[in-house]
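Okay, so here's the structure we're looking at.
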Ligand code: ADP
C-alpha cells in the first residue's frame with residue numbers, strides 16, 4: 001500500500017510517498033513559496049537526484065497537482081499513475097480535546113478541525129487547505145488526520161490546567177495541549193524497542209530539540225506532561241521563540257518600548273529564543289561554532305538553552321517519580337553532541353553517566369550512556385512521516 005504523507009504549512013507543503021509494505025520512502029519533497037513569487041517544487045525520488053521545478057503555484061491545489069505530476073513523471077516519477085496512491089495521511093497541528101488519536105477524515109472531522117482553528121490560527125487553516133485540495137484531486141482516496149496534540153491528551157488534569165480562573169478552561173478551552181506529539185510518540189516507542197523493554201514499564205523524557213522544541217514526560221507509553229502549552233510558545237528556549245517567561249514582562253516591555261500587543265507577540269515568537277539571547281542567529285550551528293571559538297554571546301545562548309532543557313527533564317523525573325531514559329531528537333538533539341552532553345551532566349545526580357566517546361556522533365540511533373548508568377541516554381532520529389503513514393495504514397485498513 002502506497003501512502004502519501006502531507007504536511008501542509010501556510011506557504012509550503014512537505015510530502016513523502018511511503019510504500020507501507022516495507023515502510024520504504026519512494027520519494028519526498030517540498031513545495032515552497034506557494035502563492036508567493038518564486039514558487040518551486042523540490043522533489044527527490046529514492047536513490048535519485050533532487051530536482052527543482054520552478055513554476056508558479058498560486059494555491060495549494062496547484063502545489064498538490066505538481067506533487068502528483070512529479071510522482072508520476074516518466075523521468076523522475078516513482079509510480080505509474082495516481083491510482084497507486086491508496087491513502088493520504090495529513091499532519092494536523094491542533095485537535096483540541098476532541099481528537100485523542102488519529103481519525104479517518106470525513107465532513108464532520110473537517111468541521112471539527114475548523115472549530116479548533118482559533119487555537120492554532122496559523123496552522124489549522126493551512127492543514128485544512130491541504131486536506132481540501134487532496135479531496136478535490138484524489139476524491140476516492142481515503143484520508144487520515146494525525147494530530148500533533150493527540151498524544152498529549154492522556155495528560156492528567158493537574159498537568160494540563162494553568163493557575164488561571166477555571167472558567168477560562170470551561171469557556172474557552174484554555175489549558176496545556178502540547179505539540180510535537182507524533183514525534184514524542186514515535187521516539188518513546190522506538191526507545192522502548194531499542195532498550196528491549198515494554199514501553200509500559202518505562203519512564204522516559206523525550207527532548208525534541210529543533211527550531212521548535214519541547215520536552216515530554218512519557219510514563220508507561222503515555223504523555224503525562226509536556227513543555228508546550230495552549231500554543232507552541234511555552235516551555236523551552238527555541239530558535240526564535242522565548243519559551244517560558246514571567247507573563248508580567250509582556251506589559252512591562254510594551255510600556256517601555258511603546259509597542260502594541262501584536263508587536264510584542266512578534267518579539268516573543270520571532271525575535272527571542274536563541275536568536276534574541278545570542279544576538280547572532282536562530283540556527284544552533286552558528287552557536288555551536290561560536291562556542292568552539294570562545295564567543296561569549298554564543299556561550300550565553302548555549303548555556304540558557306541547555307539549562308532550561310535540563311530543568312524540564314529534572315522536573316519530569318519528579319513528575320514521574322523516576323527516570324529510565326532521556327532521549328534526544330530533532331535537528332539539534334540529533335546533531336549536537338555538546339548540547340546532549342551538557343544537558344545530561346545536570347542529571348548526574350540521578351545516576352546518569354554519559355559515555356563521552358559514544359556521544360561523538362551526529363544523526364544516528366544510539367545509546368550513549370555508560371553500561372552502569374542508572375538512566376539510559378539515547379539519540380533517536382524522529383520520523384513523524386512514518387508515524388503518520390503507520391496510523392493511516394491502520395485506520396484505512398488496506
Ligand atoms: P524544525 O523542524 O523545528 O524547523 P529542525 O528539527 O530542522 O527544526 O532543527 C533545526 C535546528 O537543528 C537548528 O538549530 C540547526 O542548527 C540544528 N541542526 C540541524 N541539522 C544539523 C546538523 N547537521 N548539525 C548541527 N546542527 C543541526
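The values are calculated or read from the model by the stated rules, or taken from the named source; none is laboratory data. Remember, predicted model here, so these are calculated numbers, not experimental data. Here Cβ is always computed from backbone atoms with ideal geometry, including for glycine, and neighbour counts include all displayed protein chains.
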Region 69-97, residues that are surrounded by 20 or more Cβ atoms within 10 Å (Cβ to Cβ), touching a helix residue (DSSP H, G or I) at 6+ places or on another chain (Cβ under 8 Å) and in a helix (DSSP H, G or I): 71
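Taking region 108-152 on its own, how many of its residues are under 18 Å from residue 97 (Cβ atoms) and touching a residue at least 60 places away in the same chain (Cβ under 8 Å)? Before the answer, list the steps.
In the first step, residues of region 108-152 are kept if they are under 18 Å from residue 97 (Cβ atoms); the result is 108-121, 123-124, 127, 145-152.
Then keep just the ones that are touching a residue at least 60 places away in the same chain (Cβ under 8 Å); that gives 119-120, 123, 127, 146, 151-152.
Here the count works out to 7.
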When region 321-341 is checked residue by residue, the ones that are buried (at least 24 other Cβ atoms within 10 Å of the Cβ) and near the ligand (Cβ under 10 Å from one of its atoms) are 329, 332, 333
Return yes or no: is residue 314 at pLDDT 95 or above, farther than 21 Å from residue 237 by Cβ, away from the ligand (no atom under 14 Å from the Cβ) and surrounded by fewer than 18 Cβ atoms within 10 Å (Cβ to Cβ)? no
Restricting attention to region 284-302, which residues are exposed (fewer than 14 other Cβ atoms within 10 Å of the Cβ) and within 23 Å of the chain's Cα centre (by Cα)? 285
The residue that is farthest from residue 141 (Cα to Cα), considering only those in region 12-34 that are touching a helix residue (DSSP H, G or I) at 6+ places or on another chain (Cβ under 8 Å) and part of a loop (DSSP other than H, G, I, E, B), is 34
With region 171-287 as the region, which helices (runs of 4 or more DSSP H) entirely inside it contain at least 2 residues that are modelled with pLDDT of 95 or more and within 12 Å of the ligand (Cβ to nearest atom)? 273-278
Mind checking whether some residue in region 291-311 is within 16 Å of the ligand (Cβ to nearest atom) and within 14 Å of residue 191 (Cβ to Cβ)? no
Go through region 342-366 and report how many residues are closer than 25 Å to residue 180 by Cα and within 16 Å of the ligand (Cβ to nearest atom). 9
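Can you say whether residue 343 is in contact (Cβ under 8 Å) with a residue 24 or more places away in the chain and touching a helix residue (DSSP H, G or I) at 6+ places or on another chain (Cβ under 9 Å), as far as the supplied structure shows?
Details: in contact (Cβ under 8 Å) with a residue 24 or more places away in the chain: yes; touching a helix residue (DSSP H, G or I) at 6+ places or on another chain (Cβ under 9 Å): yes.
Yes, satisfied.
To keep it simple, each residue is scored yes or no on (1) touching a residue at least 12 places away in the same chain (Cβ under 8 Å); (2) buried (at least 23 other Cβ atoms within 10 Å of the Cβ).
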site	(1), (2)
199	yes, no
208	yes, yes
211	yes, no
235	yes, yes
247	no, no
253	yes, no
For region 367-398, enumerate the residues that are within 16 Å of the ligand (Cβ to nearest atom) and outside any loop (DSSP other than H, G, I, E, B). 379, 384, 385, 386, 387, 388
